[in-house]
Amino acid sequence: MNKDQVAIYLDEHPEFFNEYPELLRKIKGIKEDDLPIEPMGTLSLADRIIKRVNDDKENLKTKLEWLFKISRANEKIQDHLYEIEQLILTSTNLNQMVYQLKKEIPSRFEIPKVAVCLIQGSDHFMEDRLRERYNGDLDETIKFISKETALEWFDGKPRSVLRGEIVESDVFGSFSSEEDSIKSEALIPIVAQEAFVGIIAFGSPKASHFHKGLGTEFLERMADKIAISINNILLIDQLKDQSVH
């Protein structure tokens, strides 16, 4: 607190001296003749109050500009998400959908690693149909993991997990070079028709890119759209099979 702030505070809070009466007595004991001559240009108390009000206005203006900046950044994120969601929801096969994710997310959000993992046994028909439809090609784009492994990644409960400053990623594994290594990751559950069917994982080489306390609303929204897209793709495949028969 500077001198001006002290003077303003004492002027606005005379009850302060209730707790420090000895200070008040000391001040009263000071004679005006003992005071040094006030330098030219020194602000009066009224001027100081006006100056503080103006300073508060500037601080408020700065905060408003910061809020507008955050708002514009969020709008940009929303636009990117909307465009990615459109690509996901219009995908007619799983490889195409995952390819779009791995292409668009790094270019738009600077998150270089994206992985989609589906849980073995969460939906036998889904897994069988996917493997039959793609003849093993899925292993290049999608990982099938056990439910036990998935729950271990989520510490027993399917919920969004953000990890920073990690040494090795459970999802992405280890990398040969330091430049390709993952230092932080986000694991978001994919829930389809109230069933835990998979995970979408994001990995960053920046140790603080993902961390506890970071909002996950945008990522969870993307996971919801992926679940819808998977169901749509399976429905399209089923309709194709029926039309052939």
Completion exercise
HN-Hα couplings for the range 161-171 via Karplus (6.51, -1.76, 1.60; θ = phi - 60°), in whole Hz with x for Gly/Pro, come out as 10, 10, 10, x, 6, 8, 8, 9, 8, 5, 7
Practice task
Name the long-range amide H neighbours of Ile145: under 5 Å, sequence gap of 5 or more, or other chain; modelled H, no Pro or chain starts.
Solution key: Leu118, Ile119, Gln120
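Quick check on my link table: of Lys3/Lys69; Lys103/Lys183; Lys143/Lys183, which ones sit more than 25 Å apart, alpha carbon to alpha carbon? Show your work: numbers first, answer last.
On the way: Lys3/Lys69 34 Å; Lys103/Lys183 20 Å; Lys143/Lys183 21 Å.
Check vs 25 Å cut-off fails for Lys3/Lys69.
Based on the mean of other Cβ atoms within 10 Å per residue, sort peptides 187-198, 97-108, 15-26, 79-90 so the most packed one is first.
187-198, 97-108, 79-90, 15-26
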Completion exercise
Here, Asp4 and Arg221, labelled 7 Å along Cα→Cβ, have an inter-label distance in nm of 4.3 nm
Problem - Karplus 3J(HN,Hα) series, Hz, for the range 56-66 with 6.51 cos²θ - 1.76 cosθ + 1.60 (x for Gly, Pro) - result: 5, 5, 5, 5, 5, 4, 4, 5, 5, 4, 5
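Readers should treat all values here as calculations from the given coordinates under stated rules, not as data from a laboratory. These numbers were taken from a predicted model, which means no experiment stands behind them. Neighbour counts run over all protein chains shown; Cβ positions are idealised from the backbone, glycine included.
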